[in-house]
Amino acid sequence: MSSKPELKGRAARLARLFPTGPGQAARTPFVLLVVLLLGGGLIGLLVLNSALSEGAFKLDDLQRETKSLTDEEQALQRDIDAYSAPEALQRRARELGMVPGGDPAFLAPDGTVKGVPSPAPGVRQTSAQIPLVLAPEAMADGPTSGSGR
């Protein structure tokens, strides 16, 4: 008789699933290798997912900043358009004491004058008539001698 008891039915089928002997020891490193590869793969996926999430947050912040800067640019462009409008330029010129010019005279290449030169119509400005609003160029030079106040 054999040293092992003979198994029957379900126990025999289960015993055939788990081989015994020297083959069992060779299978353990393979199982550990597979478990380590799966664990490493899962950790790699976790790191990759975290990096993608961080990139998505940075992208969202940059898109928000781009929208804010675009809005600011549009507001500044509206301001420039308002200051460049003909009515605004005319009003600003009158505030500075400028008057519309008359008919111009031209110099021909030979030095002759074409047209009749004449001074611009309007009242000559005295120191009491200097406008209260100065051009930005005049303010950049520092305080000037007469401000009319």
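Estimated at 0.36 nm per residue, the fully extended path between residue 28 and residue 72 surpasses their Cα-Cα distance by 9.2 nm.
Note on residue 14 and residue 94: the model spin-label points, each 7 Å out from Cα along the C-beta direction, lie 10.6 nm apart.
Counting protein heavy atoms only, the stretch 38-106 has 64 percent of its accessible area on carbon and sulfur, 1.4 angstrom probe.
The values are calculated or read from the model by the stated rules, or taken from the named source; none is laboratory data. None of these values were measured; they are calculated from a predicted model. All Cβ positions, even for glycine, are placed from backbone atoms using ideal geometry, and neighbour counts span all protein chains on display. When the accessible area is computed, the model is the full protein with side chains, heavy atoms only, and any ligands, DNA or RNA have been set aside. Shrake-Rupley method; radii C 1.70, N 1.55, O 1.52, S 1.80 Å.
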